[in-house]
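K.L.:
Pasting a structure below so you can have a look.
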Amino acid sequence: MPTPSGPAQPGPAPTCPAAPGPDDRDGPDDRGDAAGRSGAGYRAVFAVPEFRFVFAAHLLSSLGVVVCEIALSVLVYRLTDSPLLSALTFALGLLPYVIGGTLLSAVADRYPARRVLVLCDAVCAGAAAAMVLPGTPVAVLLGLRCLIAAVAPVFAGTRAGTLGEILGEGELFVLGRSLVRIVNQGAQLAGFAAGGLLLAAVTPGAVLGITAGTFTASALLLRLGTAARPARGRAAGALLGASLAGVRRLLADRRIRALLLLSWVPPAVVVVPEALLVPYGGLLGVGPTGQGLLMCGMPVGAVVAETLVGTFLGARARTRLTFPLGLFAVLPSLGFAARPSWGWALVLLVLTGTGIAYNFGVDRWFVAAVPEELLGQAMTVMQAGRMTIMGLAMGAAGVAAEYAPLPVVMPAAGVVGAVAVLAVIAAVRRSGARGAAGGRGPLHETES
């Protein structure tokens, strides 16, 4: 199952360690805190057998999603000769997130996690297999792509909650989420390369058949490698009503609202230069290879930063970097005002990608602020909102580029983004979300 990413026991969670006091307390999960103090880091996460199955399943399904997008785009173009419909296959990978993340969000906590994860992978495998059938209309192909995208946030939220049950809500959870993000970024690099090689050797239909196999393998790994656990929530009534009620409860808490904005705003700004890389490459006169390398810049920066920060910095140092890195992520786009050469543009993109490491702190504060019975749904809403806003930002960037030069649009996003991120940081500080150690209780409904 695709995605860019619950607790084992209720109790205080680690918080932002800006100064001595409450933020310096150890978290509730001794395994996670011990890992942070000893420097074991990612090794401690992989030492948990159940996580290894979750990681392997995520690796397979993430590669499957990227390869599926490429193969479907090629297939639709061959059937229609329409660049618009071909590009639409990528857009449909983002837009349905708001549907699944809002109307189906209660699934993550309402049903046993393993059942939900396996069913989501089975749905994706079935959709990919149906794309292979000869004579499938293009409208049906696009509808199947929407189906995969609609269940993605449900899968992501459920998996996040499962990580909490497997790793605890302390430092191991934060590092586990980091590994999920590393897989997401690495899958972009490896998936595009693998997809290109496969399409050079076999038909798009055959590649789609392979992706159906990756989803099936992911489902088997999750079914055989993870324990059966009861559902976290006890919501009654219709699924739609429970989902909407849960979203309202989450958004009524100013701490959660602020943290959701902190998880959404920087990525929405970061994708603006990324969405315009192909026309910017054309402006520089570089060919497809140069444009492709530019598109690799952000994922490379993200993987390197996540790995280094997660390996060499302790929990307190990582959370102290949350605000600086969140702001830094939107600043390199200012450099495009100077119309940098290909090499300098690549440097700016790599630097932009390093900002993803701000999520270490966001994850710590978010899991502390959200009640246990809503953690899966909260993670679903977080993922769905992020992807939806990123999709809207990409569209807005394209519209702006129709009316203004690229060296104006790209840095303008950095200016607007810096102001927006600073406003969100101020909101997080006012909300007290960084000190939400007691978040494992009823939601506090506060006014805006």
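K.L.:
Does segment 266-294 hold any residues that are of a type in the set (Val, Ile, Thr) and farther than 14 Å from Val350 by Cα, and which are they?
P.N.:
Of all residues in segment 266-294, those of a type in the set (Val, Ile, Thr) come to 269-272, 278, 286, 289.
The answer is Val269, Val272, Val278, Val286, Thr289.
K.L.:
A further question on this structure: Check Leu251, Leu260 and return the single one that is open to solvent by 60 Å² or more (accessible area, probe 1.4 Å), closer than 30 Å to Leu327 by Cβ and not β-branched (Val, Ile, Thr). Spell out how you get there, then give the answer.
P.N.:
Numbers: Leu260 fails: open to solvent by 60 Å² or more (accessible area, probe 1.4 Å).
After applying the criteria, what remains is Leu251.
K.L.:
Next up: Scan segment 333-351 residue by residue and report those that are within 23 Å of the chain's Cα centre (by Cα) and open to solvent by less than 10 Å² (accessible area, probe 1.4 Å).
P.N.:
Across segment 333-351, the qualifying residues are Ser333, Leu349.
K.L.:
Being in a loop (DSSP other than H, G, I, E, B), open to solvent by 40 Å² or more (accessible area, probe 1.4 Å) and at pLDDT 85 or above is the filter here; which residues of segment 104-158 pass it?
P.N.:
Selection gives Tyr111, Leu133, Pro134, Gly135, Pro137.
K.L.:
Out of the residues in segment 52-90 that are among the charged types (D, E, K, R), at pLDDT below 85 and assigned to a helix (DSSP H, G or I), state the one that is surrounded by the fewest Cβ atoms within 10 Å (Cβ to Cβ). Quick ask: steps written out before the conclusion?
P.N.:
Within segment 52-90, the subset among the charged types (D, E, K, R) is 52, 69, 78, 81.
Filter once more, so that each one left must be at pLDDT below 85: 69, 78, 81.
Those left that are additionally assigned to a helix (DSSP H, G or I): 69, 78.
Values: Glu69: 22, Arg78: 11.
Among them, the one singled out is Arg78.
K.L.:
Related question: What residue, of Arg229, Arg181, is basic (Lys, Arg), in contact with a Pro (Cβ under 7 Å, 6 or more places away or on another chain) and not in a helix (DSSP H, G or I)? Give the derivation first.
P.N.:
On the way: Arg181 fails: not in a helix (DSSP H, G or I).
Going through Arg229, Arg181 in turn, the sole match is Arg229.
K.L.:
Hey, another quick one. If I ask for residues that are more than 30 Å from Phe46 (Cβ to Cβ) and of a type in the set (Phe, Trp, Tyr), which ones from segment 305-346 would you list? Break it down stepwise before answering.
P.N.:
First, the residues of segment 305-346 that are more than 30 Å from Phe46 (Cβ to Cβ): 327, 330-346.
Within segment 305-346, Phe336, Trp342, Trp344 qualify.
K.L.:
Then there is this: Counting just the residues of segment 163-214 that are open to solvent by 10 Å² or more (accessible area, probe 1.4 Å), of a type in the set (S, T, N, Q) and within 30 Å of Asn359 (Cα to Cα), which one comes out modelled with the highest pLDDT?
P.N.:
Thr214
Yes or no, residue by residue, for (1) modelled with pLDDT of 85 or more; (2) open to solvent by less than 30 Å² (accessible area, probe 1.4 Å); (3) over 30 Å from Thr162 (Cα atoms); (4) under 21 Å from the mean Cα position of the chain (by Cα):
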{"site": "Glu372", "(1), (2), (3), (4)": "no, no, no, yes"}
{"site": "Met379", "(1), (2), (3), (4)": "yes, yes, no, yes"}
{"site": "Met382", "(1), (2), (3), (4)": "yes, yes, no, yes"}
{"site": "Arg386", "(1), (2), (3), (4)": "yes, yes, no, yes"}
{"site": "Gly391", "(1), (2), (3), (4)": "no, yes, no, yes"}
{"site": "Ala426", "(1), (2), (3), (4)": "yes, no, yes, no"}
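K.L.:
Looking at Gly287 and the list (1) surrounded by fewer than 18 Cβ atoms within 10 Å (Cβ to Cβ); (2) out of contact with any Leu (no Cβ under 8 Å at 6 or more places or on another chain); (3) closer than 25 Å to Leu392 by Cα; (4) not hydrophobic (A, V, I, L, M, F, W, C), which single condition is not satisfied?
P.N.:
Failing condition for Gly287: (3).
K.L.:
So which pairs qualify, if the first residue must be in segment 305-326 and over 14 Å from Trp365 (Cβ atoms) and open to solvent by less than 10 Å² (accessible area, probe 1.4 Å), the second must be at pLDDT below 90 and of a type in the set (Ser, Thr, Tyr), the Cβ gap must be under 7 Å, and the two must be at least 6 apart or on different chains?
P.N.:
Gly310/Tyr42
K.L.:
Then there is this: Is it the case that segment 232-240 has a residue that's open to solvent by 40 Å² or more (accessible area, probe 1.4 Å), part of a helix (DSSP H, G or I) and under 25 Å from Phe366 (Cβ atoms)? First the steps, then the outcome.
P.N.:
Taking segment 232-240 and keeping what is open to solvent by 40 Å² or more (accessible area, probe 1.4 Å), we get 234-240.
From what is left, the residues that are part of a helix (DSSP H, G or I) are 239-240.
In the following step, the residues that additionally are under 25 Å from Phe366 (Cβ atoms) were identified as 239-240.
Yes, because at least one residue in segment 232-240 is open to solvent by 40 Å² or more (accessible area, probe 1.4 Å), part of a helix (DSSP H, G or I) and under 25 Å from Phe366 (Cβ atoms).
K.L.:
Considering only residues of segment 244-302 that are of a type in the set (D, E, K, R) and in a helix (DSSP H, G or I), which is nearest to the chain's Cα centre (by Cα)?
P.N.:
The selected residue is Glu274.
The values are calculated or read from the model by the stated rules, or taken from the named source; none is laboratory data. Since the model is a prediction, treat every value here as computed from it, not as a measurement. Because the Cβ atoms are built from the backbone with ideal geometry, glycine has one as well, and the counts that use them run over all protein chains shown. SASA here: full protein model, heavy atoms, side chains in, ligands and nucleic acids out. Shrake-Rupley method; radii C 1.70, N 1.55, O 1.52, S 1.80 Å.
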